[in-house]
Amino acid sequence: MKTIFSFFKREIKWYIPIMLMLTLVDFSQVIIPVFTKKAVDAITKKNTALLVKYGIYIIVIASGIIAIRYAYNYILRKLVLKLDFELKTSLFNKYLEMHKGYFEKQEIGDLMARVTNDTRAVRMFLIMGFLGGMDIALLGITTFIMMFIMSPMLSIYVAIPLILLIPLALNFGHKIHKYFKNVQTIFGEMTVRVREAISGIRVIKAFTRENFYLKLFDNVNRQYLQENMKLVRLDGFLDPTIDFLINASIIILILKGGILVIQNRISLGTLVAFSQYIGTLAWPMMAIGFTISLMQRARASLGRINAVLESEPEIADNNLTNYNIKSLKGNITINNLHFKYPAGDVEVLKGINLFVNPGELLGITGPTGSGKTTLLELILRIYNPQEKSIFIDGHEVLKIPLKVLRRNIGYTPQEPFLFTDTILANIKLGRENATIEEAEEAAEIAAIKKTIESLPDKYNTIVGEKGITLSGGERQRIAIARAIITKRPIMLFDDPLSAVDTDTENTIIKRLRNYLRKNNITAIITSQRISALTIMDQVAVLSSGKIIEQGKPDELFDKGGYYYHLYRKQMLEGIET
Amino acid sequence: MKNSNYIKRFIPYITKYKLLIAFSVIFLLVSTISSMLIPFLSKQAIDKFISTKNIQGLIHISILIGIAIGVLFISKIIQIYMTNLAGQRIMKDLRHILFAHMENLAVGFFSREPSGKIITRVTNDVENMNQLLSSGIVALLGDLSILAFSIGFIFYINPRLAAIVILPMPVAILAAILLGEKMERLYEKVRDFVVKMNIRMQETLSGIILIQIFGAEKRESDKFTEIAYGYRKTFHKAQMTSIILRQTINILSYTSIVLVIIFGGLMTIKGIATIGTIVAFLAYTQRLYGPLRDLSDKFSILQNAISSMKKLSSFLDEKEFISDPENPIEKDIKGDVRLNHVYFSYVKNSPTLIDINLEASHGKKIAIVGFTGAGKSTIANLILRFYDPDSGTVEIDGTDIRKFKKRFIRSFMAIVLQNVFIFKGTVKDNITLGNEKITDEEIIRAAKKIGVHDFIMRLPKGYETEIATEGANISQGERQLISFARALVYKPKILLLDEATAAVDTNTEEIIEKGLKKLMEGRTSIVIAHRLSTIKNADMIYVINKGRIAEKGTHKELLKNKKLYYELYTMQFSQIN
Ligand SMILES: Nc1ncnc2c1ncn2[C@@H]1O[C@H](COP(=O)(O)OP(=O)(O)OP(=O)(O)O)[C@@H](O)[C@H]1O
Ligand SMILES: Nc1ncnc2c1ncn2[C@@H]1O[C@H](COP(=O)(O)OP(=O)(O)OP(=O)(O)O)[C@@H](O)[C@H]1O
Ligand SMILES: [Mg+2]
Ligand SMILES: [Mg+2]
């Protein structure tokens, strides 16, 4: 709501001109029948000159109306589109602030629908609803006053059916709101279904499940039809009813007005003018109908938009943040870290203690699902760790300004993600002003330089969505280069070598180690590969959320535990055969 | 007009509901006629009864008007309901077709086209087209019939006055045609901006965590803002064009009113017309321009819809299919796979696979190894017929796979993709992919065989645990294990494993290894792996280098060769120092 209010406040200067223009137009529109009446009365008096004069008056007033209409439409639509733009960008910028957990709960497809589809409902209401509302107020009331002046009695009779409109309108309002909200929600769900089918298309095809996913989509599709029809049953009733009430006024006019004319209590000109007024009233009456409908739709959509705009990013600076912290060197201390995912009900990490000196390399290994990724994500504050559990250079991570924390840590996620952009842009993600030489250097360390150079467009090759046009190992190495180019004092690599062959793996390990040492970077690398672990200063073995072994690789080997067995399986057996 | 081609293709969808549409048109005509009668009867009331002071007659004619109003009310409600029902049903059919069409497009299409664009097609564009039907085509018929009736009535009442009054109409039509074209272009641009907006959001939101960590929020925000700004400006231009059209029609409508008053007045003075004629003419003039004004309003909606329709039409024209043969072969499949002099390139003139010959008979396990980016996954893509080779053949049981229906032949295969994909839904749904033929026992048996059962039982609700979109709430290794179970419950004759255990720890990998041996007896296994320990026991190992087969043989033979395989193998055990 804040966005909209602040917008209305900021644009306050436009209210008076727009209102003035609308008032002027509505007033002029009410004036026209007065001249019609005079013209008709002139006809009965057979006064040709007067008739032509009033005719010309009408055309002059009409031209004025048209000019003003154009002007306020220009301003109003400009304003509404500006608000629409601000809503869209605020939504998008809000998404940029949200943490990972948010996107696990909210579907991206649905979030997209809020930006494109829901803003539309708001926009339509603001334009049509505003104009409609003003017309209801101005045109409706002035018309009625004019009618009242001409014939108080007839105008009251004529108004009776129109008054019935009010209770009707109120009753329809909240139902439309409810149904429209359902329609929008299901539209979001439909977007989600399509998006998922696209991302999972290879699985769907390989397992020949096209029909099943089509069926799932059709379910939502059918629901969408049903919800829309509920809305139609309501909306479709509103219009004819209003029409009916207006026509009822006309009957009353003919009957009662006719009798009054016969009794010589009003002139025929008044009757004609009244019939024109009812014609004029028809519009604001119809406007009541669609304004209600549009308003309720907009209310539903605005609710969905506000739900986003008003949600606070869970991971952000707060009053604990110590803005004196400007940079980090790289000591990482983890102190009895326990962690449970907000959505899960078991502890994933159960009392982790770790200490990494600046410039030190820590290897982490352990079974699938033991909590390695979780640990790295907590250091990065992708999720919030519990208080007083993770410290960098002695500062608790929760107190380090998020920007400082993130700008000092380089990261390759376990599942490499590339943007639909050039390879160069993908590598430079974290350092836009990096030179091409620096990009090449990073690519060299990640052992991807030769591959890139063999492509027709080299660094300017555009990769498909999520890097789909590259091989698994190519994607992974670009993700490594992307972290390396940042030269940040701390680097976290999550299983960075899972998709490369042993030869490439060795090359990368060697170069990476030299690079990390040379720049005195603190690094944590998770891996299942012993070849990567043996070069670490320190190795920790994580199992079911606990560190079961920790120490220098050689020491761990001597202990004869998990590490030893891993070593045997991957190294010794090979040599024995 | 040039739009006729696009429109033509959608006609079958419309004719499917011809009865419904025919009835809505009938009710539309009924409601139009009754609404047309009201001013006509009012004229009669004024001229015949009010001016002659005939109260009895006035009451009678009022009853007639009342009947017309009642008929109008009921027929309008029915018409609105039926029209919308038809529109919504057509949209539902269209969405179904679009989704099915999308699922049928080749994998290559999806690596080229951004998913944001495809999503826009199936959701937003259809939504726009809906308006073409519900407020477009039928309303158009309504408007045209109102136009025709109004013209008919005024010519019936007073042909001379009628001829004068409709004088400004051709100008209105000309304006509609001229401005219409401009609007069409502008609205098409608006649609393009929506697509771009969706593409941006899809990209940014999918990679949001990376953007945050690498500090690229500002850049992403700028990119989106630029598109949203373009949308705002273009949309305003488009809207103002329709406002100009609307106001042109307005001024012409006022001109007609003045013509009625002046010429009608002059005629009345001369005794050729009556006041009643003028009242009726005023009402009909409003009805005459109403549809035109409506059209100019709907023009924007219509233009928007038409440009969406074009987009949909070209999406439906997309022919990037892997086509099925005309006379497909169906036979029992043993699962012998053969690649025969296969050449393949993703991009013209840069071959990815060169002269690949490979054989995997049922009951055998073959392995494909090699440097990253060598073309291993591409071979799997060809066996699944995600792509067709440029030359050479992929054969199953000695038959070119292009002679089978794709879905027939794929139903004998299963794959664990290098990029695992997990759907939103339960663990069980992810394993069966909605295939109801797979029993719970089968799922559990397969999961137990490969040691996944214990992991799944540790999850809060076991097999019924809900997994978030793209598996966001489970670990990477766990995602792989679930994909593994998925491949096995399908009991494939041919199992393709593309780095299926890359993220899994060595112990789990061993368990899977043992389980697989039993499960795959008599079937064909094709294993792609960088970790050579998993493929040592393969019956045949193919070593791929730069798209060619560099070596083949058993583990022992290849070691003796002391070439590429030897290098890759010994690399695993070399200590880096
Ligand atoms: N859709 C595509 N469009 C264009 N090029 C592609 C596409 N998919 C893969 N390639 C290119 O084809 C080559 C072979 O890719 P492929 O995925 O088969 O390699 P791979 O042997 O599986 O490698 P890895 O071990 O890294 O998974 C790579 O150079 C890759 O960049
Ligand atoms: N967002 C989440 N919500 C709830 N539970 C989660 C979430 N992410 C992971 N988990 C669970 O937490 C546990 C640890 O996951 P994590 O990703 O840290 O494992 P990991 O050691 O990195 O495993 P892998 O070797 O497979 O990558 C797993 O059992 C997983 O199912
Ligand atoms: Mg992990
Ligand atoms: Mg691959």
(message) Of all residues being open to solvent by 10 Å² or more (accessible area, probe 1.4 Å), more than 8 Å from chain A (Cβ to nearest Cβ) and of a type outside the set (Gly, Ala, Ser) in the stretch B:247-276, which is farthest from the chain's Cα centre (by Cα)? Just the residue, please.
(response) B:Lys270
(request) Read through the list (1) under 30 Å from A:Thr321 (Cα atoms); (2) open to solvent by less than 20 Å² (accessible area, probe 1.4 Å); (3) under 32 Å from the mean Cα position of the chain (by Cα); (4) not aliphatic (A, V, I, L, M), then give the number of the only condition that A:Asn426 fails. (result) (1)
(request) Tell me, please, whether a residue that is under 18 Å from A:Glu415 (Cβ atoms), basic (Lys, Arg) and either away from ligand 4 (no atom under 16 Å from the Cβ) or more than 10 Å from chain A (Cβ to nearest Cβ) (or both) can be found in the stretch B:424-446. (result) yes
(request) From A:Lys487, A:Lys403, A:Lys450, grab the single residue that is surrounded by fewer than 23 Cβ atoms within 10 Å (Cβ to Cβ), more than 15 Å from ligand 4 (Cβ to nearest atom) and more than 34 Å from the chain's Cα centre (by Cα). (result) A:Lys450
(request) Output the residue which, of all residues in the stretch B:345-373 that are within 16 Å of ligand 4 (Cβ to nearest atom) and facing another protein chain (nearest Cβ under 8 Å), is surrounded by the most Cβ atoms within 10 Å (Cβ to Cβ). (result) B:Val369
(request) Determine which member of the set A:Ser498, A:Ser471 is polar (S, T, N, Q) and within 16 Å of ligand 2 (Cβ to nearest atom). (result) A:Ser498
(request) Determine which single condition A:Thr373 fails, assuming it passes every other condition in (1) more than 16 Å from ligand 3 (Cβ to nearest atom); (2) of a type outside the set (D, E, K, R); (3) part of a helix (DSSP H, G or I); (4) within 24 Å of A:Leu512 (Cα to Cα). (result) (1)
(request) Residue by residue through the stretch A:208-226, note down the ones that are open to solvent by less than 30 Å² (accessible area, probe 1.4 Å) and either in contact (Cβ under 8 Å) with a residue 40 or more places away in the chain or of a type in the set (Phe, Trp, Tyr) (or both). (result) A:Tyr213, A:Phe217, A:Tyr224
(request) Tell me, please, whether a residue that is surrounded by 15 or more Cβ atoms within 10 Å (Cβ to Cβ), of a type outside the set (A, V, I, L, M), outside any loop (DSSP other than H, G, I, E, B) and within 16 Å of ligand 2 (Cβ to nearest atom) can be found in the stretch A:319-339. (result) yes
(request) Examine the stretch B:415-435 for a residue that is open to solvent by less than 20 Å² (accessible area, probe 1.4 Å), on the phi < 0 side of the Ramachandran plot and within 16 Å of ligand 3 (Cβ to nearest atom), and state whether such a residue exists. (result) yes
(message) Anything in the stretch A:346-367 that is more than 9 Å from ligand 2 (Cβ to nearest atom) and part of a loop (DSSP other than H, G, I, E, B)? List them, or say none.
(response) A:Asn357, A:Pro358, A:Gly359, A:Glu360
(request) Could you check A:Ile535 against (1) within 8 Å of another protein chain (Cβ to nearest Cβ); (2) more than 16 Å from ligand 1 (Cβ to nearest atom); (3) under 30 Å from B:Val347 (Cα atoms) and say which number it fails? (result) (3)
(request) Of the numbered conditions (1) away from ligand 3 (no atom under 16 Å from the Cβ); (2) farther than 19 Å from A:Arg488 by Cα, A:Leu405 fails exactly one; give the number of that condition. (result) (2)
(request) Could you pull out the residue among B:Ala472, B:Ala502 that is facing another protein chain (nearest Cβ under 9 Å), within 16 Å of ligand 3 (Cβ to nearest atom), farther than 16 Å from B:Asn537 by Cα and buried (at least 23 other Cβ atoms within 10 Å of the Cβ)? (result) B:Ala502
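Looking at this structure, is B:Met102 assigned by TED's automatic domain parsing to the domain that holds B:Asp143, under 25 Å from A:Arg209 (Cβ atoms) and in contact with a helix residue (DSSP H, G or I) (Cβ under 7 Å, 6 or more places away or on another chain)?
Here the answer is yes, as B:Met102 does meet what is asked.
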(message) If I ask for residues that are within 9 Å of chain A (Cβ to nearest Cβ) and either without any contact (Cβ under 8 Å) to a residue 60 or more places away in the chain or not hydrophobic (A, V, I, L, M, F, W, C) (or both), which ones from the stretch B:228-246 would you list?
(response) B:Ala228, B:Tyr229, B:Tyr231, B:Arg232, B:Lys233, B:Phe235, B:His236, B:Gln239, B:Met240, B:Ile243, B:Arg246
(request) Evaluate the following for A:Leu87: is it more than 9 Å from every other protein chain (Cβ to nearest Cβ) and surrounded by 18 or more Cβ atoms within 10 Å (Cβ to Cβ)? (result) yes
(message) If a residue counts only when it is among the acidic types (Asp, Glu), which helices (runs of 4 or more DSSP H) contained entirely in the stretch A:1-109 have at least 1 such residues?
(response) A:15-44, A:48-97, A:100-105
(request) Could you tell me which residue of the stretch A:159-207 is nearest to B:Gln418 (Cα to Cα), considering only residues that are facing another protein chain (nearest Cβ under 7 Å) and in a loop (DSSP other than H, G, I, E, B)? (result) A:Gly200
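The values are calculated or read from the model by the stated rules, or taken from the named source; none is laboratory data. Keep in mind it's a predicted model, so treat the numbers as computed, not measured. All Cβ positions, glycine included, derive from the backbone under ideal geometry; neighbour counts span all protein chains shown. SASA here: full protein model, heavy atoms, side chains in, ligands and nucleic acids out. Shrake-Rupley method; radii C 1.70, N 1.55, O 1.52, S 1.80 Å.
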